[in-house]
Structures are given as structure tokens and as C-alpha cells.
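*Asks:* Can you keep this structure in mind? I'll have questions shortly.
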Amino acid sequence: MAEGILGAVLAGGESRRFGASKTLSEVGGLPMASWAIKALKDAGLFVGVISSEDDLEGVLGVPVRPDLEPGKGPVGGLLTALAWAKERKHTGVFLLGCDMPLVSVGVVSELLSKMDASAAVIPIGLHGAEPLCGFYSLSCFQA
């Protein structure tokens with residue numbers, strides 16, 4: 001099910017409200033991004049991080065790519081992830097914000113199970129859509 005999908009952790013935000021980099025801020029004794037990486041890896045995905053922060057690859061243990069178009073926010077991160085997936089000959093991307101440490105492998109697997117010919121699969125919760133936790137087909141890259 002997860003074969004051919006890039007797990008991309010978005011870790012490039014400015015963290016203005018948070019006041020510090022969320023990526024390496026600890027939650028439960030681990031860097032926040034580690035929880036997202038674990039959920040995606042446990043779902044069987046090849047995982048990488050989209051970020052312009054220095055030295056993350058050594059700390060997080062996964063490949064890191066900078067935004068192709070810095071300053072474009074999460075949309076720029078998604079475009080970077082889709083380009084990376086295309087380069088690796090994947091069919092799509094499971095995008096997950098680094099500041100979502102409570103997203104489990106169960107959530108990732110459930111969303112992946114909803115994939116069909118859809119261009120995107122994202123959860124909709126009490127506060128609306130969560131576009132930084134979901135699957136995006138490479139067909140989104142064409143739009």
C-alpha cells in the first residue's frame with residue numbers, strides 16, 4: 001500500500017508564534033520532527049524532511065531537502081516534496097507537518113487506505129481540513 005510513496009516531513013516554518021524552531025524542540029524526550037518521521041517510517045514509507053535548517057540530516061537520520069522556492073510556506077514545501085517524489089519515481093507524497101507529534105502510524109495507514117484515483121486524501125476534523133497531514137498524488141504537481 002505504501003510502496004512508491006514519499007513520506008515528507010515539513011520542517012521549514014518560521015515558528016513566529018512558537019518562538020523557536022519546532023523541528024528540534026523536544027516532546028516526550030525526542031525532537032518533535034522525530035515523531036512524524038517515526039509515524040511515516042512505521043507506515044513503510046521512504047521518509048525525508050523538507051527544511052532549510054542546517055545539520056538536520058545528522059540529527060534526524062533522514063535525508064533533508066531545502067525548499068525549491070523559499071518563502072512560499074507549506075505550499076512551497078509540498079511542491080518541493082512532489083518534485084522529490086517525481087525524481088524518485090514515486091506516485092505521490094504523504095505530507096506531515098513536524099509539529100504534529102500525535103499523528104500515529106494508525107492515522108497515516110488509515111489515510112493511505114483511502115487512496116484510490118484521488119489527487120489528495122486529507123483528514124477533516126472538528127476545526128476543518130488538515131492539509132499538512134495527508135496524501136497528495138503526483139497529479140497535483142501538474143496543476
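Bear in mind these aren't lab numbers, they're just calculated from the coordinates by the rules spelled out. Bear in mind that the values here come from a model prediction, so they are computed numbers and not experimental data. So basically every Cβ, Gly included, is an ideal-geometry build from the backbone, and we count neighbours across all protein chains shown.
*Asks:* Taking 1 over the mean of 1/r across every pair of different Cα atoms in the chain, what Kirkwood radius in Å do you get?
*Replies:* Evaluated over the chain, this radius sits at 14.9 Å.
*Asks:* Once you put a point 7 Å from the Cα of Leu30 and another 7 Å from the Cα of Lys89, both along the Cβ direction, what distance in nm separates them?
*Replies:* It works out to 3.1 nm between the two label points.
*Asks:* In whole angstrom, how long is each semi-axis of the equivalent ellipsoid of segment 66-143, when you take the square root of 5 times every eigenvalue of its Cα gyration tensor and sort them from largest down?
*Replies:* On the way: eigenvalues 79, 50, 26 Å².
Three semi-axes, in Å: 20, 16, 11.
*Asks:* His127 versus Lys41, label points 7 Å from Cα toward the beta carbon: distance in nm?
*Replies:* Those two pseudo-labels are separated by 2.8 nm.
*Asks:* Another one. Sorted by packing (mean other beta-carbon atoms within 10 Å per residue), highest first, where do 115-127, 31-43, 71-83, 94-106 land?
*Replies:* On the way: 115-127: 11.6, 31-43: 22.5, 71-83: 18.4, 94-106: 19.9.
Those peptides, ordered most packed to least, come out 31-43, 94-106, 71-83, 115-127.
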